[in-house]
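Below is one structure, written out as structure tokens; the observations come after it.
All of the numbers you see were taken from the coordinates with simple rules; none came from a lab. Keep in mind that what you see is a predicted model, and the values were worked out from it rather than measured. Heads up, the Cβs are rebuilt from the backbone with ideal geometry, glycines too, and the neighbour counts pull from every protein chain shown.
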Amino acid sequence: MAVNGLNGVNGTRSKHDISTLKVNQSRLMDAIHGGCKYGAAHRYGDHPTETGMARLSLNDADKQIRDWFLATAKSLNCKTSIDQMGNLFAIRPGKNAAAPPIMMGSHLDTQPTGGRYDGILGVNAGLEVLKVLHENNVETEGSIGVVNWTNEEGARFPMMAVASGVWAEVVPLETAWNLAEVSPGEDGHKRTMKQELERIGYLGSQPASYRAMPMACHFELHIEQGPSLETERKRIGVVKGVQAFKWFEITVKGRDTHAGTTPFYARMDSMLCAAKLIVESNAIVKKFGGLATTGILNADPGSINTMAHTVTFTLDIRHVEDDKLSEIEKACREAFSRISEKESEKGCKIEWKELVDSPAVKFHPDCIAAVEASTKEVCQDLPMTSEDGQLWRYMISGAGHDSCYTNRRCPTSMIFTPTKDGISHNPQEYCSPEDCAIGAQVLLGAVLRYDKLRADRGDFS
Ligand SMILES: [Zn+2]
């Protein structure tokens, strides 16, 4: 990397070059909030920025922010392209422009009651990094770019991170194109992803594939979406991976009989059984240090004075280690069978249906090392707030991200920033301007370190 006016002796790279480049906090925040005029919703305070967002993928507001993204990229002399899933790529050429670029990615779509930071911070921080390189006339060794992944939230078209999934060739293009929106439009019709990509003019011609758009690596800055960093008064999470999870639908079949005339010994009470299974799943995961959640519960026939003959409920189990998740599943299966042999639940039949199996994701050591080195440098200038004397920590992401898919095709890692009260997917989601800028600064340092790594190890020779 040669920085005009900042390069070391004879233009050699030095740590000094990286340290001298600083992101512009107010410009970053202006970009974040400026873009939020497209899709702002759910006002909760008087300040202009005190609204949430409802920028569902491929709606009119999403078209507007996409137009803005491309215009911003072009003003920075980036090469832009759009693939068949509407993923947007903005690439600032480096000295070795033929080699795959280092990419910084996240998403500009939101939940229907979303906030101003989830995904939005990551894309804007990527653009801010490009602005810093641009204004300092930095010529990087390889190219550096930003990607806006389509429909990461899966809120409108119900498949999370579907477009990075197509890029990774894990999700077939046709499957993604044919996804119908969850809620029909005003005319009562449900549009498909492909129809909406066409309607807003973002059905690109570039194949949605890592072969057509290879990346040297992928960094994603994201809000934590949980309370750990804030609680521990730390500024940065160096994310090493994403925890494993499995989703099940569990059906408990009992017998519908009269609530007043059936003594306990003669019951096959599917609701009581399901209740005990849910409580037991909670006890089991706590032993393993995992998580269990039941978010949906249905009972039939649904009458006050009749036992339910059938209860279905969902079970979401999570753990950072795949083998521990398997042990949790095994323990739940054994416990559930045992519980259904007792008391008023006696004779209930339990059926398991697996809906999702998502193994643990381990990010690449080279990307983690670049983020960690950058984090240490950024944190050394900040006031110490954490009791253990360290302003950052390693983390495992509790939620899935586009980075889970990019990790399959190129070295990847993530950076987390604190999230007020751990609240996300909510209009009041918040990350302070200082923390947004610290995250962007870590991203900048990580990208430049990785660029140097590529040159040093001979990627371009
Ligand atoms: Zn997100």
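A compact table of results
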quantity: Point-to-point label distance, Tyr265-Asp46, nm (Cα→Cβ direction, 7 Å offset); calculated: 7.0
quantity: Tilt relative to the chain, helix 60-75 - C-alpha long axis, 0 to 90 degrees, to 10; calculated: 20
quantity: Separation in nanometres of the label points that stand 7 Å from Cα toward Cβ, at Ala99 and Lys353; calculated: 5.0
quantity: Charged-residue dipole, Cβ positions (Lys, Arg, Asp, Glu), the chain about Cα centre, Debye nearest 20; calculated: 520
quantity: 5 angstrom amide H check on Arg156, placed H, neighbours 5+ away; calculated: Ser57
quantity: Estimated vicinal HN-Hα couplings, Hz - segment 43-52 in sequence order (Karplus 6.51, -1.76, 1.60; Gly, Pro = x); calculated: 5, 10, x, 7, 5, x, 8, 8, 9, x
quantity: MRE, 222 nm, helices only [DSSP H, n ≥ 4, -39500 (n - 2.57), over the chain, to nearest 500]; calculated: -10000 deg cm²/dmol
quantity: Mean Cβ count within 10 Å, highest first, over the residues of peptides 74-83, 99-108; calculated: 99-108, 74-83
quantity: Arg211, Arg55, Arg43 arranged by Cβ crowding within 10 Å, fewest neighbours leading; calculated: Arg211, Arg43, Arg55
quantity: Filtered GluC sites (Glu not before Pro), segment 148-216: DSSP coil and at most 16 other beta carbons within 10 Å; calculated: Glu169, Glu186
quantity: Mean Cα-pair separation over length for segment 244-358, i.e. relative contact order, pairs under 8 Å, 6 or more apart, %; calculated: 45
quantity: Within the chain, percent of DSSP bridges classed antiparallel, to nearest 5; calculated: 70
quantity: Contact order normalised by residue count of the chain, Cα under 8 Å, 6+ apart, percent; calculated: 21
quantity: All-pairs Cα distance distribution in segment 95-179, expressed in whole percent, bin size 5 Å; calculated: 3, 14, 18, 19, 16, 14, 9, 6, 1
quantity: In Hz, Karplus ³J(HN,Hα) per residue of segment 368-381 (6.51, -1.76, 1.60; θ = phi - 60°; x = Gly, Pro); calculated: 4, 5, 5, 5, 5, 4, 5, 4, 4, 5, 5, 6, 5, 9
quantity: Neighbour-count ranking [beta-carbon atoms within 10 angstrom, fewest first] of His258, His425; calculated: His258, His425
quantity: Footprinting exposure proxy for Val371, Val320 (fewest neighbouring C-beta atoms within 10 Å first); calculated: Val320, Val371
quantity: Long-range amide H partners of Ala308 with built H, under 5 Å; calculated: Ser270, Met271
quantity: About the Cα centre, charge dipole magnitude for segment 306-461 (Lys/Arg +1, Asp/Glu -1 at Cβ), debye; calculated: 400
quantity: Dipole magnitude of segment 252-295 about its Cα centre (Cβ charges: Lys, Arg +1; Asp, Glu -1), debye to nearest 20; calculated: 120
quantity: Modelled FRET efficiency - R0 22 Å, Phe288 with Glu249, Cβ distances, 0.05 increments; calculated: 0.50
quantity: Cα coordinate range in segment 294-417, projected on the principal axes (Å, largest first); calculated: 66, 36, 24
quantity: Segment 59-154, relative contact order [Cα under 8 Å, separation at least 6], %; calculated: 36
quantity: Segment 244-358: C-alpha pair distances exceeding 25 Å, %; calculated: 23
quantity: Table column - 3J(HN,Hα) (Hz), segment 235-247, Karplus curve with 6.51, -1.76, 1.60, x for Gly and Pro; calculated: 9, 9, x, 8, 8, 9, x, 10, 5, 7, 8, 9, 10
quantity: Nearest 10 degrees, 0 to 90: helix 120-135 Cα axis against the chain principal axis; calculated: 10
